[in-house]
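Submitted below is the structure of interest, expressed as structure tokens.
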Amino acid sequence: MKKNKTLIIVLVVVFAVAAVLVGWGVGTRNGLVEKREAVTEAQSAVEVFLQRRADLIPNLVSTVKGYQVHEKEVYTELANARAALSGAKTVGEMDAANEQLSSALSRLLIVVENYPELKANEQFQYLMDELAGTENRIAKARDSYNEVAREYNTKIQKFPTSVIASMGHFDKAEYFKASADAQKVPEVKF
């Protein structure tokens, strides 16, 4: 009789410990899923602003084209960069395409410097203001994404959560990085 009581107590304790471990595992996995979805949502926000930027560029180019026709190379480069951005799927591809687009926009603005009457054009000013606002939104969205990615990456690497993360194939999120040109001080000419 005493052996049966002891066996029942041991079984209850084993089941209780197993239930706690299973509950912890399920809760941990669900927490990781929430973090991964937050990363995906933040990446989507960056993509929305990058797309908005890409959508503004044809209007900007059309406005500039009305003032001059010689700069075909810049237009081609902008079109290619815009296409690369639209086709980007990963954070790395988005970063590379965004850098290519920033470079092409810089060249377009140099062209604009040669046409003072263009800078005074109301449509051009509106588009430049929209582009500047979008650039600010992109920077904020990238910062938010990187913060969420850091939280997620930290969580999947901490023990004992890392055990559940590796079993559930929770991979590290990529960070958005500053372009190589970000370290250069822009040259302003008057």
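Each reported figure results from applying straightforward, stated rules to the coordinates on display, with no laboratory input. This one's a predicted model, so the numbers in the text were calculated from it and none came from an experiment. Because the Cβ atoms are built from the backbone with ideal geometry, glycine has one as well, and the counts that use them run over all protein chains shown.
Taking the simple approach of a point 7 Å from Cα along Cα-to-Cβ for both residue 113 and residue 20, what is their distance in nm?
For residue 113 paired with residue 20, the spin-label model returns 6.9 nm.
With each pseudo-label sitting 7 Å past Cα toward Cβ, what's the residue 132-residue 9 distance in nm, one decimal?
7.7 nm
For residue 155, go through the aspartates and glutamates and keep the ones whose alpha-carbon is under 20 Å away, minus same-chain ones fewer than eight residues off.
Cross-link targets: 34, 37, 41, 143, 147, 171, 174.
Set the bar at 31 Å for Cα to Cα. Now go through 35/177; 5/158; 140/172 and name every pair that lies beyond it.
5/158
Once you list every other residue whose beta carbon is under 9 Å from the beta carbon of residue 149, what net charge do they have if Lys and Arg are +1 and Asp and Glu are -1? Don't skip to the answer; put the middle values down first.
Working: positive: 150, 172; negative: 147, 151, 174.
Net charge around residue 149: -1.
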